[in-house]
Amino acid sequence: MGIRERLSGNEAVAFAMKQINPDVMGAFPITPSTEIPQYFSQYVANGQVDTEFVAVESEHSAMSCCVGAQAAGGRAVTATSSCGLALMWEMLYVAASCRLPVTLACINRALSGPINICNDHSDSMGARDSGWIQLYAENNQEAYDNFCMAMRIGEHPDVRLPVMTCQDGFITSHAIENIELLEDDKVKAFVGEYNPETGLLKGPLSVGPYDVVAYYMEHKYQQAVAMKNAKKVILDVAKEFKTISGREYGLFEEYRMADAERAIVLIGSSAGTAKAAVEELRAKGEKVGLVKLRAFRPFPGEELAKALADVKAAAVLDKAEGFSGCGGPLFADTRSACYDLGQVPKLINFIYGLGGRDVRVEHITSVYDQLAEVVKAGSAGETYRHLGVRG
């Protein structure tokens, strides 16, 4: 029987870390992720974990600390946001290329500039090609559950990649919600012990060597294969997690999609608002649905295309501006995934919620209204749109 609690998303992630009891946490504070190492440091001070807490001088150092700890054969965790993740950039690639399954809690915040402390996905979306698995949460419960599953996914021998669990800054990180925690012994048994085949403390080992032309591409290919393997592992771990929690997870969630003619694809906490809009329109007899992505890396292209195969039109909502001149990153991947469908739905893109710009039910309803116009016209029209921009 789970433990019913009321926690913020940051508290929930810190609690998951406590239950896992990692070997090392490298931490440097940045809003809105600061609370995670703050809460966790209390567990360290109280002797509730055996973790070596390393208060470093920057986020680059935090990830460097995690890379070193993981290379030595330990489990390493950290948390960051926005410019903190950007300062880790170099080491994100090092962790992934060295196949070190570091686990990072990314509390999504707009990336400067102009400086902004509110939520969008520009930080983690900027790191989408760094070789990290990325899981996104709609609410506090999912943030907790994702972190509990992350190590099992990253440490799997077919994967061995770092994992980024993402949740929306302030919206879920600081808001308090009802949540069901698992018992400590269940989490510890589920995550298990970390026994890597190699490690700097186990014998001679080269970590992060200079890769000459004859080998570099093969190593990148191995990373690519590992990311493809992660799709199955994510599903296998979720299936096992259901047996101890009763909660079911996939690569994405389909909401009222069985007979949907118009759909929205999005990531994160906005799914809750979108579900309310779906119910409002369903009550009026409109056949609308929603697909909420959980795994963005690896991208579930084939599965997502299948989910959208029967809709007439779909809108992809990006909470990050890609500056490509033709849409955001989620739209690019979704459109590419649908390319080989026999009957490709009309696809449009909306950039929304940048820098914490509010998104309400009426905004989502307006997206479905524009999709209705697309269906009626038989053409997508302007595919690159912005939602909620003044003037």
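Go through the residues of region 82-105 one by one and say whether even a single one is surrounded by fewer than 18 Cβ atoms within 10 Å (Cβ to Cβ), assigned by TED's automatic domain parsing to the domain that holds Leu201 and touching a Cys at 6+ places or on another chain (Cβ under 7 Å).
no
Only one residue in Ser41, Ser81 is small (Gly, Ala, Ser), touching a Lys or Arg at 6+ places or on another chain (Cβ under 8 Å) and at negative phi. Which one?
Working: Ser41 fails: touching a Lys or Arg at 6+ places or on another chain (Cβ under 8 Å).
After ruling out the rest, the residue left standing is Ser81.
With the condition kept exactly as written, say whether any residue in region 37-48 is touching a residue at least 40 places away in the same chain (Cβ under 8 Å) and over 30 Å from Lys220 (Cβ atoms). Before you say what the answer is, go through the steps one by one.
At the first step, the residues of region 37-48 found to be touching a residue at least 40 places away in the same chain (Cβ under 8 Å) are 37.
If we keep only those that are over 30 Å from Lys220 (Cβ atoms) as well, we get 37.
Yes, that holds for at least one residue.
State whether one or more residues within region 282-297 are within 30 Å of Pro114 (Cα to Cα), of a type in the set (A, V, I, L, M) and either touching a Lys or Arg at 6+ places or on another chain (Cβ under 8 Å) or in a strand (DSSP E or B) (or both).
Scanning region 282-297 turns up at least one residue that is within 30 Å of Pro114 (Cα to Cα), of a type in the set (A, V, I, L, M) and either touching a Lys or Arg at 6+ places or on another chain (Cβ under 8 Å) or in a strand (DSSP E or B) (or both).
Which one of Asn195, Asn229 is buried (at least 17 other Cβ atoms within 10 Å of the Cβ), closer than 18 Å to Pro162 by Cα and among the polar types (S, T, N, Q)? Outline the logic, then answer.
Values: Asn195 fails: buried (at least 17 other Cβ atoms within 10 Å of the Cβ).
Unique residue meeting the criteria: Asn229.
Could you please let me know if Ser379 is surrounded by fewer than 17 Cβ atoms within 10 Å (Cβ to Cβ) and assigned to a helix (DSSP H, G or I)?
Numbers: surrounded by fewer than 17 Cβ atoms within 10 Å (Cβ to Cβ): yes; assigned to a helix (DSSP H, G or I): no.
Taking the combined requirement at face value, the residue does not satisfy it.
If Val56 meets every condition in (1) closer than 22 Å to Thr198 by Cβ; (2) surrounded by fewer than 20 Cβ atoms within 10 Å (Cβ to Cβ); (3) of a type in the set (A, V, I, L, M); (4) in contact with a Cys (Cβ under 8 Å, 6 or more places away or on another chain) apart from one, which number is that one?
The failed condition is (1).
Yes or no: Gly2 buried (at least 24 other Cβ atoms within 10 Å of the Cβ) and in contact with a Ser or Thr (Cβ under 8 Å, 6 or more places away or on another chain)? Break it down into steps so the answer makes sense when it comes.
Values: buried (at least 24 other Cβ atoms within 10 Å of the Cβ): no; in contact with a Ser or Thr (Cβ under 8 Å, 6 or more places away or on another chain): yes.
No; evaluated as a whole, the condition is false for this residue.
Could you list, in sequence order, the residues of region 190-219 that are touching a residue at least 40 places away in the same chain (Cβ under 8 Å), farther than 20 Å from Arg294 by Cβ and part of a helix (DSSP H, G or I)?
The answer is His219, and nothing else.
Given the structure, is Lys306 surrounded by fewer than 19 Cβ atoms within 10 Å (Cβ to Cβ) and in a loop (DSSP other than H, G, I, E, B)?
Working: surrounded by fewer than 19 Cβ atoms within 10 Å (Cβ to Cβ): yes; in a loop (DSSP other than H, G, I, E, B): no.
Answer is no for this residue.
Taking the conditions exactly as written (over 19 Å from Glu142 (Cβ atoms), touching a helix residue (DSSP H, G or I) at 6+ places or on another chain (Cβ under 6 Å) and either assigned to a helix (DSSP H, G or I) or not aromatic (Phe, Trp, Tyr) (or both)), does Ala277 satisfy them or not? Spell out how you get there, then give the answer.
On the way: over 19 Å from Glu142 (Cβ atoms): yes; touching a helix residue (DSSP H, G or I) at 6+ places or on another chain (Cβ under 6 Å): yes; either assigned to a helix (DSSP H, G or I) or not aromatic (Phe, Trp, Tyr) (or both): yes.
In short, yes.
Considering Leu85, Leu100, which residue is outside any loop (DSSP other than H, G, I, E, B), touching a residue at least 40 places away in the same chain (Cβ under 8 Å), aliphatic (A, V, I, L, M) and closer than 29 Å to Val187 by Cα?
Working: Leu100 fails: outside any loop (DSSP other than H, G, I, E, B).
Result of the check over Leu85, Leu100: Leu85.
For residues that are among the hydrophobic types (A, V, I, L, M, F, W, C) and buried (at least 20 other Cβ atoms within 10 Å of the Cβ), scanning just region 171-181, find the one that is farthest from Cys118 (Cα to Cα). Even if it seems obvious, please write down each step before you answer.
Step one: of region 171-181, the residues among the hydrophobic types (A, V, I, L, M, F, W, C) are 171, 175-176, 179, 181.
Filter once more, so that each one left must be buried (at least 20 other Cβ atoms within 10 Å of the Cβ): 171, 179, 181.
Details: Ile171: 9, Ile179: 24, Leu181: 27 Å.
Filtering region 171-181 for residues that are among the hydrophobic types (A, V, I, L, M, F, W, C) and buried (at least 20 other Cβ atoms within 10 Å of the Cβ), the one farthest from Cys118 (Cα to Cα) comes out as Leu181.
The values are calculated or read from the model by the stated rules, or taken from the named source; none is laboratory data. Worth saying up front: this structure is predicted, and the values here are computed from it rather than measured. Cβ atoms come from the backbone with ideal geometry, glycine included; neighbour counts cover every protein chain shown.
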